[in-house]
């Protein structure tokens, strides 16, 4: 069994990333190479940082980077909602998921 699956943040983030990638591919063409690509890249960067944190002995700095990227992602999600690219229920869902992931990162930071 994959060691990463023992980390709730990793499991949750895989679901968040999958959900978001399926939404951004439906963004209008004129935003696909700017906003959608930035959202996709941030999700993937966070996933990469989570994996790196799992295997790292110095977790604090990596977790702080994840926190920062989560905050940027929240802002871009909010912008997407304002631009009517995400419906209200989609925005509520992803906001809750990002909040929960942020709490997981915070808990991990406290124990690191």
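The values are calculated or read from the model by the stated rules, or taken from the named source; none is laboratory data. This one's a predicted model, so the numbers in the text were calculated from it and none came from an experiment. With ideal geometry, Cβ positions are generated from the backbone for all residues, glycine too; neighbour counts draw on all protein chains shown.
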Which condition number does residue 15 fail, the rest of (1) more than 10 Å from the chain's Cα centre (by Cα); (2) in a helix (DSSP H, G or I) being met? (1)
Somewhere in the stretch 25-38, is a residue surrounded by 14 or more Cβ atoms within 10 Å (Cβ to Cβ), within 21 Å of residue 100 (Cβ to Cβ) and out of contact with any strand residue (DSSP E or B) (no Cβ under 7 Å at 6 or more places or on another chain)? no
Is it the case that some residue within the stretch 23-40 is without any contact (Cβ under 8 Å) to a residue 40 or more places away in the chain and closer than 15 Å to residue 51 by Cβ? no
Of all residues in the stretch 81-112, which are more than 15 Å from the chain's Cα centre (by Cα), over 19 Å from residue 39 (Cα atoms) and exposed (fewer than 12 other Cβ atoms within 10 Å of the Cβ)? 110, 111
So in the stretch 54-65, with the set limited to residues that are touching a helix residue (DSSP H, G or I) at 6+ places or on another chain (Cβ under 9 Å) and without any contact (Cβ under 8 Å) to a residue 12 or more places away in the chain, which one is surrounded by the most Cβ atoms within 10 Å (Cβ to Cβ)? 56
Would you confirm, using the coordinates I've provided, whether residue 10 is modelled with pLDDT of 95 or more, surrounded by 17 or more Cβ atoms within 10 Å (Cβ to Cβ) and assigned to a helix (DSSP H, G or I)? yes
Read through the list (1) without any contact (Cβ under 8 Å) to a residue 24 or more places away in the chain; (2) in contact with a helix residue (DSSP H, G or I) (Cβ under 7 Å, 6 or more places away or on another chain); (3) within 23 Å of residue 111 (Cβ to Cβ), then give the number of the only condition that residue 68 fails. (2)
Of 78, 18, which residue is within 14 Å of residue 97 (Cα to Cα) and loosely packed, with under 13 Cβ neighbours inside 10 Å? 18
